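Report on the following structure.
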Amino acid sequence: MAGAHDHIVDDHAKGRIISDAPLSRPVPVSLRYDPEFSPATVRLGFPGTVEWSFPRALLETGLRAPTRRGDIGVWPCGRVQTVVELHTADGVTVVQFDTTALLRFLKHTYAASTSSMTTH
């Protein structure tokens, strides 16, 4: 019998912070999903314990077409990149990802949510 923590997805991706500066800078991002905690929610974790939670459906839709919910926007950027825009009281952070990393993460979340359902 699998433990509840066996269904948690904790992937990692490299994002690029996009700003007004001439060069973007890379940032490691943790992509997390816990179907036991919230089966409809994904989390992006940034260095310094900054974490954003939002609906998995927002990420799914944003890979194909621009979408926004509250302080978070997601949209495709060309054929191989996806942009995630995060708004705070301090400003806006724009992070660009390779779409394949986000697709792989979503695939892992589908597998985790399916196996979570079969063990209950």
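The values are calculated or read from the model by the stated rules, or taken from the named source; none is laboratory data. Just so it is clear, the model here is predicted, and its values are computed rather than measured. Glycine gets a Cβ as well: all are built from the backbone with ideal geometry, and neighbour counts include every protein chain shown. Surface accessibility is based on the protein's heavy atoms, side chains included, excluding ligands, DNA and RNA. Shrake-Rupley method; radii C 1.70, N 1.55, O 1.52, S 1.80 Å.
Give the residues of region 54-76 that are surrounded by 14 or more Cβ atoms within 10 Å (Cβ to Cβ) and under 19 Å from Ser19 (Cβ atoms), sorted by residue number.
Selection gives Ile72, Gly73, Val74, Trp75.
Are there any strands (runs of 3 or more DSSP E) wholly within region 5-96 with 1 or more residues that are under 25 Å from Thr114 (Cβ atoms) and among the small types (Gly, Ala, Ser), and if so which? Lay out the reasoning, then the answer.
Numbers: elements: 9-18, 25-33, 41-46, 50-55, 67-69, 72-77, 81-88.
Per the criteria, 9-18, 25-33, 41-46, 50-55.
With respect to the numbered conditions (1) at negative phi; (2) open to solvent by less than 80 Å² (accessible area, probe 1.4 Å), which one is the sole condition not fulfilled by Val80?
(2)
Are any residues in region 97-113 in a strand (DSSP E or B) and surrounded by 17 or more Cβ atoms within 10 Å (Cβ to Cβ), and if so, which ones? Talk me through it step by step, then tell me what you get.
The first filter runs over region 97-113 and keeps only residues in a strand (DSSP E or B), leaving 97-98.
Across region 97-113, the qualifying residue is only Phe97.
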